[in-house]
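Quick notes on the structure that follows.
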Amino acid sequence: MCLRKLQRLKLGWCINLPAEEFAHLGNLTTLRELHLTRCGVNDECLGKLGGLADLRILSLAGCPIADKSVDTLLKFQKLKDLNLEWCTVPSPHLAKLGRCWELVNLNLGYTGCTDACLLKLFGLSKLRSLNLDSCKITDEGTSVFGYLGGLRYLNLSDTHVGNAGVAQLRGLRHLEELDLSYTAITDQALDHLK
């Protein structure tokens, strides 16, 4: 292996990478950051990356990964930043991400994340940024935010969160940015933000 010191690799939108080539990527054990946005990574491809034990940042946005991929993600125990935006992982499998204890940034925008999935993320105490844009989240799921008190960024845009859900955000004392665009909130929700 000639790239023994490679720490960052960006391959976004490289749509001509055959699945068998991902075994070579899995041998780049010094990688800390890997961007595979919209390059066709599926369960088979991701399974070949399991040896990247020092990976800290992984972007799989727009890749057709499914249930088996989440099991591979759990192997990346040092992962701090995970982008799964526009991925097709079913909600019950996304819920397993609640075991990725080191996550600081998690992007689940436009995935199948539901209230049941969100409630399984209560153990991610290091989480600072959470994107749930266009997920199937309702007021019921927002009770998890009582366990995620360190959040600084929260995107609930285009979800089914209403006034009662916004009331659950009161405990987020460190929150610096909140996106409630395209939700069904009323002026009552704004009272909860005081």
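The values are calculated or read from the model by the stated rules, or taken from the named source; none is laboratory data. Keep in mind it's a predicted model, so treat the numbers as computed, not measured. Cβ sites come from the backbone with ideal geometry, for glycine too, and all protein chains shown count toward neighbours. We work out accessible area using only protein heavy atoms, side chains counted, and drop any ligands, DNA or RNA first. Shrake-Rupley method; radii C 1.70, N 1.55, O 1.52, S 1.80 Å.
Data for the structure
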item: Of all residues in the stretch 16-38 being under 19 Å from the mean Cα position of the chain (by Cα) and more than 22 Å from R4 (Cα to Cα), the one that is most open to solvent (accessible area, probe 1.4 Å); result: R38
item: Selection from the stretch 1-38 of residues that are in contact with a helix residue (DSSP H, G or I) (Cβ under 7 Å, 6 or more places away or on another chain) and either part of a loop (DSSP other than H, G, I, E, B) or under 23 Å from Q77 (Cα atoms) (or both); result: F22
item: Scope the stretch 109-137; condition among the polar types (S, T, N, Q) and either in a helix (DSSP H, G or I) or in contact with a strand residue (DSSP E or B) (Cβ under 9 Å, 6 or more places away or on another chain) (or both); matching residues; result: T114, S129, N131
item: Count of residues meeting criterion [within 23 Å of N107 (Cα to Cα) and assigned to a loop (DSSP other than H, G, I, E, B)] in the stretch 155-194; result: 17
item: Yes/no for L151 being among the aliphatic types (A, V, I, L, M), open to solvent by less than 20 Å² (accessible area, probe 1.4 Å) and in contact with a Lys or Arg (Cβ under 8 Å, 6 or more places away or on another chain); result: yes
item: Residues located in the stretch 154-194, provided they are in contact (Cβ under 8 Å) with a residue 40 or more places away in the chain and either buried (at least 18 other Cβ atoms within 10 Å of the Cβ) or hydroxyl-bearing (S, T, Y) (or both); result: N155
item: Condition met for S143 (within 30 Å of N42 (Cα to Cα) and either open to solvent by 30 Å² or more (accessible area, probe 1.4 Å) or in contact with an Asp or Glu (Cβ under 7 Å, 6 or more places away or on another chain) (or both)); result: no
item: Selection within the stretch 98-117 - over 16 Å from C87 (Cβ atoms) and among the hydrophobic types (A, V, I, L, M, F, W, C); result: W101, V104, A116
